[in-house]
Amino acid sequence: MQKIGISEGFSLVGGMSMHLNCAAGNRLRIIYANHEQAVVASADGYAKAADFRIPGLAMVTSGPGITNTLTSLTSAYFDSVPLILISGQVKSADINLFGVRSFGAQEVDHHALLSPITKLSFSYHPTMVTNENLAKNLALSMIGRKGPVHIDIPLDVQAMEGKKDEDVQEVLSIYKSLLERDGAQSCVLPSELISLVNSAQRPLIVLGNASRIASISGESISKLIDHLGFPVLLTWASMDLLDYDNPKVFGCAGGLSGVHSNRIIQAADLIIFLGVRLDLLTTGFNPQAYGKNATRFVFDCDEAELRKFSGKTGFTCVLSDIRAAVRALLETPICASNALSFWIAQCQTWQNENQKCEESEFSTLQLNTYHVASLIAQSDVTRYVVPTASGYAIEGFARFYKTTNGSRFSWAGHVLGSMGLAIPSAIGASLRLKKTVACVDGDGGFLLNMQELYTLRANPDIYIVFFILNNRGYASISQSQTRNFQNNFGASTKSGLAEIDFEILAKIADLKYVECRTYESLKDAISCLNSESRALINIFLDGDDYRGPSITTKFDAQGRPFSTELEDISWR
Ligand SMILES: Cc1ncc(C[n+]2csc(CCOP(=O)(O)OP(=O)(O)O)c2C)c(N)n1
Ligand SMILES: [Mg+2]
């Protein structure tokens, strides 16, 4: 691990991983989390804070140690996070060869459980796994579409002599050459695209998070934008790739987005999608209609993502490494046209109109999620934000947050949308960055890994400021329950939940505790923060239930549900 650049990691120890615990504890800085879900989620947050350039390291014991990782490992896999998960396993002699439900003590079939949620799950043995295979397996987390790799090490194997120094050197040199080869691929652009980039009247580029995952530098991205001259849309996963005030950037189009972004995507006549999954939430449950008036080119390194468009009209799929696609686009000559200036002016007009509506809707006296997003975005201290990906943090906070001066918006488990990943992800990010990280969570989601407050207690040099969007329950769920059933079930204090005492929770981790009920009090609380702050800011958001324009689910004459169209999205 040290040879491939890993010096810090996360663990929860156990008998079946005792030699691993000893080796790691002697050589690396290990943060000992208090749940294996948190071990992996912290490694995920760490790798994201490292801009996906090195794998996060997680270490757990066998059986329950592994079963506890399933949610956060699935999340890391879905988010394409490079991660190495090392687990102990019962000694080779005790491995279940009989197919009984339970044989070895604390034994479960790790590979069967983890294969669907890792790029590879393999067993290690110093002589049976060759240097070449070990290098290939480790590199897999970092090449192609990145993701977690799991290494299982039975107890007896842990106790063996490791590989000799010269073998380790060989593994390292093969590992490095695999990464280099992966970065040096080429991409041939379709000839139709080469002609369209100069003849389209309303071209657009949509940059997905694959650009960051593939470690494309901010400088290369800026060069690409300047070179093409096209307006740019981002996605919720990639919204911090470029600053909001960049004159060519027009937000994220989708089912819960600004009106202007959706008008732009539906008016475009050429769209280049670079590393965008075009998932159902982004496309308003209708990928075919997303940019429906455009000739669309979808670049992705994952063949399975492209299969979604096979046989669909209007799409050309290009299987390519995103770095190679960017290089090929940069080499394509572009002549600036008058049509492009008109198109950008049109995009800016739509954006200004939307901005005015947004301000008139949300610049009210009552404290709301829009205020929270604006104040966090404006502070120099809270430059790295780790938001949860469930509840109103995603539906409200994310859509209002505007990146400035390269601030970062790094989801705690974006695609899976699990509650509970925010605290451990923020711990991982803060360990990597060695400065204050702003963690934005719902009052409900916060409870799911609150034992990690003890991890923070044990590590006073991990700086996090928690912003709790406190609407006293699962507001996003209770709202939909009320809409559909005129009643609530386990979603509010009146339907089975307790109100949470955040002051007590703040004490566990020795966090400064602040309550905010007004815009001014939140502004003051944020102005008191510094790069070594540890605090919990409990933000009361009662009656804050309008999120802005969105598609909605309606029912046709036969009672079948359907989603409204992106271009029909409007304010109120
Ligand atoms: C692990 C998990 N269980 C259940 C859900 C379903 N769920 C989505 S949002 C939500 C409520 C979250 O409450 P809170 O964090 O307070 O956010 P709010 O909706 O109040 O903004 C629930 C239960 C989920 N996303 N993840
Ligand atoms: Mg809530």
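None of the figures in this text is laboratory data; all of them are computed from the coordinates on show. Everything quoted here is computed from the prediction, not taken from an experiment. Don't worry about glycine lacking a Cβ; one is built from the backbone with ideal geometry, like all the others, and counts go over all protein chains shown.
Restricting the count to DSSP beta bridges whose residues both fall in the chain, what percent are antiparallel, rounded to a multiple of 5?
Values: 4 of 68 bridges.
Given both bridge residues lie in the chain, the antiparallel proportion sits at roughly 5 percent.
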Taking every pair of alpha-carbon atoms in the stretch 191-354, what share in percent sits in each 10 Å bin, from 0 to the bin with the longest distance?
11, 44, 39, 6
Need the full-extension length gain, Gln348 to Ser220, defined as separation in residues times 0.36 nm minus the C-alpha distance. One decimal, nm.
43.7 nm
Sticking with the crude label model, points 7 Å out along Cα→Cβ, report the distance from Thr518 to Ala458 in nm, one decimal please.
4.2 nm
Need one number: nm distance between label points at Arg307 and Tyr32, each 7 Å from Cα along Cα→Cβ, rounded to one decimal.
4.5 nm
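From the Cα gyration tensor of the stretch 63-144, with a ≥ b ≥ c the square roots of its eigenvalues, which class applies: rounded if a/c is under 1.5, or else prolate if a/b is larger than b/c, or else oblate? Provide the component values of the computation, followed by the final result.
Working: a/c = 2.57, a/b = 1.27, b/c = 2.02.
It comes out oblate by the Cα gyration axes.
Contour minus end-to-end for Lys435 and Trp571, with contour as 0.36 nm per residue of separation and end-to-end as the Cα-Cα distance?
Details: separation 136, 0.36 × 136 = 48.96 nm, distance 3.86 nm.
Computed gain between Lys435 and Trp571 is 45.1 nm.
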Between Gln355 and Gln378, what is the spin-label point distance in nm, taking each point 7 Å from the Cα along the Cα→C-beta axis?
1.5 nm
Please report, in whole Å³, the volume per residue of the convex hull around the C-alpha atoms of the chain.
168 Å³
From the alpha carbon gyration tensor of the stretch 133-199, can you work out the equivalent ellipsoid semi-axes (sqrt of 5 times each eigenvalue) and give them in Å, largest to smallest?
40, 14, 6
Looking at the chain, which longest stretch skips every one of the GluC sites (Glu not before Pro) that is in a DSSP loop with at most 11 other Cβ atoms within 10 Å, leaving the sites themselves out?
162-498
Once the Cβ-Cβ distance between Thr332 and Asn96 is put in as r, and R0 is 56 Å, what FRET efficiency do you end up with, to the nearest 0.05?
0.50
